[in-house]
1. Between rounded, prolate and oblate, where does region 139-203 land on the alpha carbon gyration tensor, with a ≥ b ≥ c its root eigenvalues, rounded for a/c under 1.5, else prolate if a/b exceeds b/c?
2. Could you tell me what % of all Cα pairs in region 1-157 have separations over 22 Å?
3. Please list the equivalent ellipsoid semi-axes of region 204-344, computed as the square roots of five times the alpha-carbon gyration tensor eigenvalues, in descending order and whole angstrom.
4. Which of the aspartates and glutamates could a cross-linker span from residue 174 if the Cα-Cα distance has to be under 16 Å and same-chain partners fewer than 8 positions apart are dropped?
5. Considering only the other residues whose Cβ falls under 13 Å of the Cβ of residue 86, what net charge follows from Lys and Arg at +1 and Asp and Glu at -1?
6. Report, in debye and to the nearest 20, how large the dipole of region 87-208 comes out about its Cα centre when Lys and Arg carry +1 and Asp and Glu carry -1 on their Cβ.
7. Would you mind giving the three semi-axes, in whole Å and largest first, of the ellipsoid equivalent to the chain according to its Cα gyration tensor?
8. Mind telling me which of 220, 137, 190 comes out most flexible in a GNM of the chain, alpha-carbon contacts under 10 Å?
Amino acid sequence: MTTKPQDTLMYREAHETAEVVERQLAQNEAVVSALAERLRANPPRMVITCARGSSDHAAMYAKYVFETQLGVVTASASPSVTSIYHADQHLDGALYVAVSQSGKSPDLVRNAEAAKRAGAYVVALVNVIDSPLAQVADVVVPLHAGPEKSVAATKSYLGALFAILHIAARWSGKKDIADALTALPAQLRANWEADWSSLTDGLVTAHNLFVVGRGFGFAAALEAALKFKETSGIHAEAFSAAEVKHGPMAIVGPGFPVLFFAQNDDTLPSVLDVAAEFRKRGSRVWVAAPGVQGEDILPLVTSAPIAAPLIAVQSFYRATAALALKRGFNPDVPPHLNKVTETV
């Protein structure tokens, strides 16, 4: 019997994202509002993020959100600095945000413990609220994704992005971000039905791929590149639309596939310019962007630019589940991988 995309856990779990973010908005309001009040009263001098895998891509989204909306420098910690090298850090006055689906990886737990000793205020964005990481944190913001059985994280990743957006909305007090939160469930449901089959059909025989984004969309590019490798066995690399114009673009030529994620903000012209340049070289180019017309445009409903990556990535997950099956892979059980990866 032929397996259909909707038979996979990856498809079904990604499809739950709208319900996940609705739960978050309702059930996390008190904890997020209290956290935001504390952050306004005691503004952190910086934000440090700590995560692995898909959760680290969520942390990249946090960097762009916090820096653009709140003006607070946000940087990613290197877990081995603490867990392997045992180097003391000076984190007085820092907000330390640890992102994890399971909350079990020893290096994240050790880093959160060390950050707390070093004077940081530790916030955990975690799906398992009785996990070791949650027990270390000063504040836990649950992802409310429910059980996620597919090895490929989907709804938990998008739940982490939504939690970051929720914190930014309440911390900044900006109405446009708050409006983006409330609009997202309907937008996610609407774009789930969008036709991304040209991407699925066009990559069945691919071996290599670039995924490109900029600003808020760079986190989407990072996540997509990982999922291509993880679920479909395609060697994919993620780049900023600015960085890809340096050394990497030298290998883009006839037939080379490139996927672009874009949002309708000041980054859009530069992203579309790079896409056009690659098309002139004969590259096979797909663009996920709202309001853009043309060949191999992947439909994306109009949304606040800051919310566009969540909508695009959910539709990408649906397309990727189908692509994996077409390539002979089981997207729920990638080879050599476990659901919970525990690193030191």
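1. Because a/c hits 1.5 or more and a/b fails to exceed b/c, region 139-203 counts as oblate.
2. Here the long-distance tail beyond 22 Å is 42 percent of all Cα pairs in region 1-157.
3. 24, 18, 15
4. 29, 37, 67
5. Result for the local shell: -1.
6. 220 debye
7. Each semi-axis is √(5λ); the values are 32, 22, 20 Å.
8. 190
A short reminder: the numbers here are calculations on the coordinates, not readings from a lab. Model, not experiment: these values are computed from the prediction. Cβ atoms come from the backbone with ideal geometry, glycine included; neighbour counts cover every protein chain shown.
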